[in-house]
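Only one structure is covered here, and it is reproduced in the block below.
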Amino acid sequence: MNKKVIILAIFRMAWASFKYHKRFHFFFCLSLILIFILLFFMQAIALSLNLIEEQFRNQQVFTNIPNLFMQNYQNFIQNGQLVVLFLLALLIGSKEWSRKKEYLIWLNNGGQARRLVAIQLIESCFLLLTASFVFFLILVLFVPTFKLEIIRLHQIIINQSSTLNTELEILFKTESNNQLNLHFSNFNQMIEHIFFTNNNQWFGILLSAYGYTCLWLTKSFFLIHIVATCSNIFGRKLYWKNKKLLNL
Amino acid sequence: MEKQKTFESLTQGVFILDKDEFSRFIKKYPLYPEQIIHPNWRYLPFLTIKENLAIDNSKKSLLTMDHLLKLLDLMPTLLEQKNQSLTLFEKIKCQLLQKLLTKKETIVFAYAIDALSIAEKQQLLSICERLVQDYQLTIYILSDDANLLRLKFH
């Protein structure tokens, strides 16, 4: 068969499957949007860190603060990414579990495993595109809310470490040659100031965070998906070897 | 005296086997899922019957779809439908059509025809005989039906 015809047939099958599993896909997209939001916050926090770091850069008296600060954020982002990866694997696993009968039908009818993988990946591509588009709309509609939540997250991360919290309190209370306590009475006030006065930079950060989120999620999503689909197909082939289908 | 024919000594024909004979058979000869015709043909509900038949695109037969539809007495409109309820006989014929389209030389009916009416069984057996004569196929019919097992080999 012509290659072009096969590719078209694969796309048609993927689209038909995408339309058929509406109910499952609705929940799948919803979960994917939640994962998008989680990851977006991680990326936005990582990107907005530069703005805060600039404020500390000239404070030579308190050299240990930037290190403590970065360590705290690194822990938060790494743990967050692990949680996102776990949720993503769980989501893809649920999709694979719901499709195991279809895989068996495909293999029993003599379908090639690689075509099945292609169909599943294309279908998931539609899902990922839908989720990213819906998330973009949510982001555009609720920019102020996202901004407030990012500020709150910064405050939560700082407040989590008592050492850092104490160090920062000292920084803002000590009357030495540092510039910070001339403008702000505490860290929370500083963050709010940074984030509300740099509107242009903020929009750039949100857009970059969205881009990085899409990129990171696409890479991880397809990597996990390929592994999960191949394992599932391999499992279905083993099932056939047991000859349960013939009741023998 | 002519030696009795067994399914192990023949390469072409229609063979009706019981469960024990079939168990012996699959120990000797490897069988692939795509060679088997099931009574409950499971197909992907989001695809048309025609697309389901095209799932296996490994080897394409030289026979045309029209010719095979005529041979199996199937309506072309049936293939364009999606998610409809097929009768058992139609399911069996569709699977047979799939095997013929993909040039399978050995076809196994796994308890597929036991539940058919006598007229349908006769029609299917005559189709099988014609396929063996015209296209040199090997067809195994796994059955629990005592009347059918009495026919044994053709």
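The values are calculated or read from the model by the stated rules, or taken from the named source; none is laboratory data. Treat the numbers as computed from the prediction; the structure is a model and nothing was measured. So basically every Cβ, Gly included, is an ideal-geometry build from the backbone, and we count neighbours across all protein chains shown.
Residues in segment A:126-145 that are buried (at least 19 other Cβ atoms within 10 Å of the Cβ) and farther than 28 Å from A:Arg12 by Cβ: A:Leu139 alone.
Looking only at segment B:20-67, residues that are closer than 25 Å to B:Tyr135 by Cα, of a type in the set (Phe, Trp, Tyr) and facing another protein chain (nearest Cβ under 7 Å) come to 0 in all. When residues in segment A:77-114 are screened for being surrounded by 19 or more Cβ atoms within 10 Å (Cβ to Cβ), assigned to a helix (DSSP H, G or I) and small (Gly, Ala, Ser), 0 of them pass.
So which of A:Leu223, A:Leu206, A:Leu217 ends up being surrounded by fewer than 17 Cβ atoms within 10 Å (Cβ to Cβ) and in a helix (DSSP H, G or I)? So that I can check it myself, show each step before the final result.
On the way: A:Leu206 fails: surrounded by fewer than 17 Cβ atoms within 10 Å (Cβ to Cβ); A:Leu217 fails: surrounded by fewer than 17 Cβ atoms within 10 Å (Cβ to Cβ).
After ruling out the rest, the residue left standing is A:Leu223.
In segment B:109-122 there is at least one residue matching the filter, namely being crowded, with 20+ Cβ neighbours inside 10 Å, more than 30 Å from A:Phe11 (Cβ to Cβ), within 14 Å of chain A (Cβ to nearest Cβ) and modelled with pLDDT under 85. A single member of B:Asp114, B:Asp56, B:Asp144 is of a type outside the set (Gly, Ala, Ser), in a loop (DSSP other than H, G, I, E, B), more than 13 Å from B:Val14 (Cα to Cα) and touching a Gly at 6+ places or on another chain (Cβ under 7 Å), and it is B:Asp56. Beta carbons closer than 8 Å, at least 6 apart along the sequence or on distinct chains, pair a first residue in segment A:1-26 that is more than 20 Å from A:Trp97 (Cα to Cα) with a second that is assigned to a helix (DSSP H, G or I) for A:Ile6/A:Arg115; A:Ala9/B:Glu51; A:Ile10/A:Arg115; A:Ile10/A:Ala118; A:Ile10/A:Ile119; A:Ile10/A:Ile122; A:Phe11/A:Ile122; A:Arg12/B:Glu51.
Anything in segment B:71-89 that is part of a loop (DSSP other than H, G, I, E, B) and not polar (S, T, N, Q)? List them, or say none. Reasoning before the result, please.
Of the residues in segment B:71-89, the ones part of a loop (DSSP other than H, G, I, E, B) are B:73-75, B:80-81, B:83-87.
Within segment B:71-89, B:Asp73, B:Leu74, B:Met75, B:Glu80, B:Leu86 meet the criteria.
Please work out which one of (1) farther than 27 Å from A:Trp106 by Cβ; (2) assigned to a helix (DSSP H, G or I); (3) not polar (S, T, N, Q) is the condition B:Ile92 fails and give its number. Every condition holds for B:Ile92 apart from (1). Residues that are at pLDDT below 85 and of a type in the set (Phe, Trp, Tyr) within segment B:136-154 comprise just one, B:Phe153. For B:Lys99, indicate whether it is of a type in the set (Lys, Arg), assigned to a helix (DSSP H, G or I), buried (at least 20 other Cβ atoms within 10 Å of the Cβ) and free of Cβ contacts under 8 Å to residues at least 40 places away in the same chain. So B:Lys99 fails the test.
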